[in-house]
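Heads up, the thing below is written out as structure tokens.
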Amino acid sequence: MRLAELSARSGVSTATIKYYLREGLLPPGRRVTATQSEYDGDHLRRLRLVRALIQVGGVPVASAREVLAALADEDLDRNERLGRAVWSLPHGPAPDEDDPATEVGRRTADALLEQLGWGHGPASGEPVAPAYGMLVTAIATLSRLGYPCSTEDLEPYGRAMEQLARTDLDLVERYGTPEEQVAAAVALTVLYEPVLLSLRRLAEAEESRRRFGGK
């Protein structure tokens, strides 16, 4: 397909596609004349992923480039590709080491991960995921403001996330090749987070109605 058709099928303007080509986010097409190239289904799939990352997820171009590099690294297995790619996504603020609540957050996070049997904390011997820092920061904030944040309070959320993770990867495994599965996992990480947030709020509203409605 030519550039105009790629634009029409992807919903991305030709100017934006040319920008992605210049930035190395999209591989060059097959040159057919001095001024024209042809593109195929791989370009369309890549373009949809780039659009999910940048235009929908708000991922900066530099971070998107890191994600795509991880996806293309054939020296990594599926698990490593997905981990590297997700780690390249933007994350929340790192823990403030000058905040006394950070130590509370770190102790609680470590105890929670151990209780859940997840190997993502510093004591696991594995590389520490950026999401670990997000968790420490979030628990520190809860502690500082006096809201419930013990391991007992947080464990049910962790167990619910285990089920969500299984659902996520069941969805990803609908895709055919390992490359498609990893790309889909990254796209759905970005695209499903608003779905999860909205469903949680709707579920809370429904539970509130059931518990407190009419009282």
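A short reminder: the numbers here are calculations on the coordinates, not readings from a lab. Every value quoted in this text rests on a predicted model; they were computed, and no experiment measured them. Note that we place each Cβ from the backbone using ideal geometry, even for glycine, and neighbour counts take in every protein chain shown.
What to note about this one:
- Highest mean first, the peptides 1-12, 71-82 sorted by other C-beta atoms within 10 Å per residue fall in the order 1-12, 71-82.
- Peptides ranked, highest mean first, by Cβ atoms within 10 Å: ranges 130-138, 24-32: 130-138, 24-32
- For E38, residues with placed amide H under 5 Å, excluding near neighbours: R30, R31, V32
- Extending 7 Å from Cα along the Cβ direction at E180 and again at R9 yields two label points whose distance is 1.4 nm.
- Candidate values (1) 1.24; (2) 1.56; (3) 1.00, label of the one derived for Cα Rg over 2.2 N^0.38 Å: (1)
- Per residue, the convex hull spanned by the Cα atoms of the range 92-151 measures out at 73 cubic angstrom.
- Sequentially through the range 24-32, phi angles give Karplus couplings (6.51, -1.76, 1.60; θ = phi - 60°) of x, 7, 10, x, x, x, 7, 5, 10 Hz, Gly and Pro residues having no value and appearing as x.
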